[in-house]
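All remarks here apply to the structure that follows.
The values are calculated or read from the model by the stated rules, or taken from the named source; none is laboratory data. For clarity, every value in this text was computed on a predicted model and none was experimentally measured. As a convention, Cβ positions derive from the backbone with ideal geometry for all residues, glycine included, and neighbour counts pool all protein chains shown. Quick note on the areas: whole protein, heavy atoms, side chains included, nothing else; ligands and nucleic acids left out. Shrake-Rupley method; radii C 1.70, N 1.55, O 1.52, S 1.80 Å.
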Amino acid sequence: MLHLVRHGQARFGTDDYDRLSELGTRQCQALGRWYAERGQLFSAVLCGTLTRHRQSLAALADGYGALPTAQEFPALNEYDSEALVHAALAAWPAEAPLPSAHTPEGYRAHFRLLRRALAGWTAGELQPHGLPSHAQWRAGIAAALDHVRTQCTGDVLLVSSGGPIATATAHVMGAEGDAWVELNLRLRNSAVTEFSVSPRRHVLHSFNTLPHLVAPERADWVTYA
C-alpha cells in the first residue's frame, strides 16, 4: 500500500507560506500517533523537498517514532501558485486587482482565479514563468509512482502537496484533462490517500481521509489551505 499524505496546514496569506502553522504540526503529529497505535510499518518514505513537506514528515515522525530515511523527490513539490495567478492576471486583466487574501472575499477570489489558471495550465493555454508544462509536471509525478511500484516493497509513506497527490490520483484513475484540479482543491491538510500497489499498476483505495481527526474535540483541526 502507498500512503500519500498532504502536508499539514501551512501559513497561507503570510510572507512565507512554505512553513507549517502550529496547527499543521499538531495535525501531522496526530497522524503519526494514529499510525503507531495501529502498528503500521513503512518500508520506505518518499518526500518532496519543500520546507512544509520536511516539517510535516518531522512532525509525523515525532508522533510515530523512527521512520526510514526519506528519499527526496523534487517531482513531488507543489506547483507555484503565485506564478499561476500572475500568469492568469496577465492573460485575463479584467480579474485584477484581487482583494486582499486576508479577507473572506479575497480568499474566495484567489481560489476562483487559481482554479481557472490551473485549467488553463493543464490545457496549455497558460505557461507561467518558471513552471514546466503541465504535461512535464505530470510526467515527473508519474515517475515517482513508477519508482514506488518498481523499487519498493511493503507499505510506503509519501509526503507531498495537494497538487501532486491530486495529479497522482487522476493518473491512476485514468482521468484526463483538468479533472485533477477539483481533486486538488478539495484535499485537506494532513489527509491520507491510499493506493494499492502491484508490479503492474496502482489502484485507488481511499482518498482525502482524516482518520486521525475524527474525534469531536478535533473538529476544528480540519483545514484546507
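Against the conditions (1) more than 19 Å from Arg218 (Cα to Cα); (2) open to solvent by 30 Å² or more (accessible area, probe 1.4 Å), Arg33 satisfies every one except (1).
Condition (residue is open to solvent by 40 Å² or more (accessible area, probe 1.4 Å), among the polar types (S, T, N, Q), at pLDDT 95 or above and over 20 Å from the mean Cα position of the chain (by Cα)) applied to region 87-101: is it met by at least one residue? Scanning region 87-101, I find no residue that is open to solvent by 40 Å² or more (accessible area, probe 1.4 Å), among the polar types (S, T, N, Q), at pLDDT 95 or above and over 20 Å from the mean Cα position of the chain (by Cα), so the answer is no. When residues in region 114-138 are screened for being open to solvent by less than 60 Å² (accessible area, probe 1.4 Å), closer than 30 Å to Val45 by Cβ and part of a helix (DSSP H, G or I), 7 of them pass.
Taking the conditions (1) open to solvent by 10 Å² or more (accessible area, probe 1.4 Å); (2) in contact with a helix residue (DSSP H, G or I) (Cβ under 7 Å, 6 or more places away or on another chain) in turn, Ala166 satisfies each one other than (1). The one condition from (1) touching a helix residue (DSSP H, G or I) at 6+ places or on another chain (Cβ under 8 Å); (2) open to solvent by 30 Å² or more (accessible area, probe 1.4 Å); (3) in contact (Cβ under 8 Å) with a residue 60 or more places away in the chain that Ser56 does not meet is (2). Pairs are defined by a Cβ separation below 8 Å, a sequence spacing of at least 6 or placement on different chains, a first member in region 135-158 that is farther than 14 Å from Glu194 by Cα and modelled with pLDDT of 95 or more, and a second member that is in a helix (DSSP H, G or I) and basic (Lys, Arg); no pair meets this definition.
Which residues, taken from region 183-208, are over 14 Å from Tyr224 (Cα atoms) and not in a loop (DSSP other than H, G, I, E, B)?
Thr193, Glu194, Phe195, Ser196, Val197, His202, Val203, Leu204, His205, Ser206, Phe207
Based on what the data block shows, is Arg188 surrounded by fewer than 18 Cβ atoms within 10 Å (Cβ to Cβ), more than 19 Å from Leu84 (Cα to Cα) and among the basic types (Lys, Arg)? Criteria not met by Arg188.
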